[in-house]
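Down below is the structure, laid out as structure tokens.
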Amino acid sequence: MQIGDAQPDWVSVTLGVFVCQGCSLIHRSIESLRQVKSVLQDTFEDKEIELITSMGNEAAKAKYEQQVPPFYHRPSHTDCRILREQWIRAKYERQEFIHIEKQEPYSAGYREGFLWKRGRDNGQFLSRKFILSEREGALKYFNKQDAKEPKAIMRIQTLNATFQPAKIGNPCGLQITYLRDNSTRNIFVYHEDSKEMVDWFTAIRAARFHYQKVAFPGANDEDLVPRLTRNFMKEGYMEKTGPRHTEGFKKRWFTMDDRRLMYFKDPLDAYARGEVFIGSKENSYTVVSGLPPSIQGYHWKYGITIETPDRKFLFACETEAEQKDWIAAFQRVVNRPMMPQEYAGTQTHSRHRKKISKLESEKLTVSLSLCS
């Protein structure tokens, strides 16, 4: 069965369903599902045609997706391989959505185990104990196996998880983010077993789903599911300057997470060096291609100016294509009306700016007031 909008030019003659090329490669890597043929290039035996005719994608979906939990992520063809592979294995190999008891690893409301976590200071991955508890409303991890107190408590309310295999350098790499004092914190983890890692991801989504059901009792599942976890709108390097626009531009890694534009010295930093809240055009936020004529000190020539009620933020991209991609991402956010709860973000950032303006230390000004 194809995932997302990819063209189903292949057929699983084991299952009698059409699949896209990307999924055909995954099917071939699974021994029990490896019989796959090209619609355009291969010939089919009579019994294979009979199976395809009698089954087909709709009948297979009715059979193998009988009880997919609303929080289970249904991947698209743009998702990373680990999500697509475990969806195929869960559906056809393990038949988790036929036998509901097989969903226990991620639907029980409690999960405990060990993950490899990247150290904040030395960058080494060390085994750490993690506990996810819906009852406590938190994901916790412990630096020592026998530790009584957790090193960090991540509230389910602000928790997010997104697979980042390229950034982390591991096919099972997961980036977990949460808010502390209204600032984003990152941790990077992985597990050698892809099923184990996807079970953790799904357990986080399940905990978020049940939290949302309580927080928004009148909401439909269709409204809640998009809020469970999210991929970042865009990431990559840009140059930036400080609020006076006289400082030299510095190269930073930027992450666009909904209305939060965060920047880091390194993509795997635990803490952002600063955050820019991007509101809507109704609140006087605009995105302009290019930089003011008087600006100097940038190395990359493709500039972007974000105008806010308080100041202008100046960025520069290495290529025109990157500039267009970033502008498109910013524009999508600016064109979207703000929701009532998002106004808290503008107030928090305003308070931070007022506090920062009183600081005499240039180091603190650099790290907290969106200077580099």
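Per residue, the solvent-accessible area of the stretch 133-240 (1.4 Å probe, heavy atoms of protein chains only, all protein chains present) comes to 47 Å². Each part reduced to its alpha carbon centroid, the stretch 17-92 and the stretch 129-144 end up 35 Å apart.
So what is the calculated 222 nm ellipticity per residue for the chain, using -39500 (n - 2.57) for each DSSP H run with n of 4 or more, over all residues, to the nearest 500 deg cm²/dmol?
So the helix-based figure for the chain works out to -8500 deg cm²/dmol.
On C-alpha positions alone, give me the angle between the axis of helix 343-357 and the longest principal axis of the chain, in degrees, nearest 10. That works out to roughly 40 degrees. Where [x] 141; [y] 235; [z] 171 are the candidate values, the label of the one calculated here for volume of the Cα convex hull per residue in Å³ is [z]. Multiplying the residue separation of Ser294 and Glu192 by 0.36 nm and removing their Cα-Cα distance gives an extension gain of 31.5 nm.
Sorted on the mean count of surrounding Cβ atoms within 10 Å across their residues, most packed first, peptides 182-194, 132-144 read 182-194, 132-144.
To put it simply, the accessible area of the stretch 1-75 at a 1.4 Å probe is 47 percent carbon and sulfur. Taking the square roots of 5 times each eigenvalue of the Cα gyration tensor of the stretch 10-93, largest first, gives ellipsoid semi-axes of 22, 15, 10 Å. Comparing Tyr211, Met154, Met197 along the charge dipole axis of the stretch 104-224, the residue lying farthest to the positive side is Met154, per the Cβ-charge model.
Keeping all protein chains in place, calculate the accessible area per residue for the stretch 29-106 (probe 1.4 angstrom), answer in Å².
Value for the stretch 29-106: 57 Å² per residue.
As a calculated quantity, the FRET efficiency between Thr43 and His77 at R0 = 25 Å, using C-beta atoms, amounts to about 0.40.
The calculated FRET efficiency for the pair Gln331 and Asp9, based on their C-beta separation and a Förster distance of 35 Å, comes to about 0.50. Residues of the stretch 161-194 with backbone nitrogen within less than 19 Å of a virtual label 7 Å along the Cα-to-Cβ line of Ser29, please, listed as ranges. Residues 163-175, 190-194 fall inside that zone. If R0 is 45 Å, the Cβ-Cβ spacing of Asp269 and Ile100 corresponds to a FRET efficiency of close to 0.65.
With all protein chains present, how much of the accessible area of the stretch 133-238 (probe radius 1.4 Å) comes from carbon and sulfur, to the nearest whole percent?
46
Centroid-to-centroid, using Cα positions, the stretch 257-309 and the stretch 208-249 are 16 Å apart.
The values are calculated or read from the model by the stated rules, or taken from the named source; none is laboratory data. Given the structure is predicted, the values throughout are model-derived calculations rather than measurements. Note that each Cβ is placed from the backbone with ideal geometry, even for glycine, and that neighbours are counted across all protein chains shown. Ligands, DNA and RNA are stripped out before the accessible areas are found, and what is left, the full protein with its side chains, is counted by its heavy atoms. Shrake-Rupley method; radii C 1.70, N 1.55, O 1.52, S 1.80 Å.
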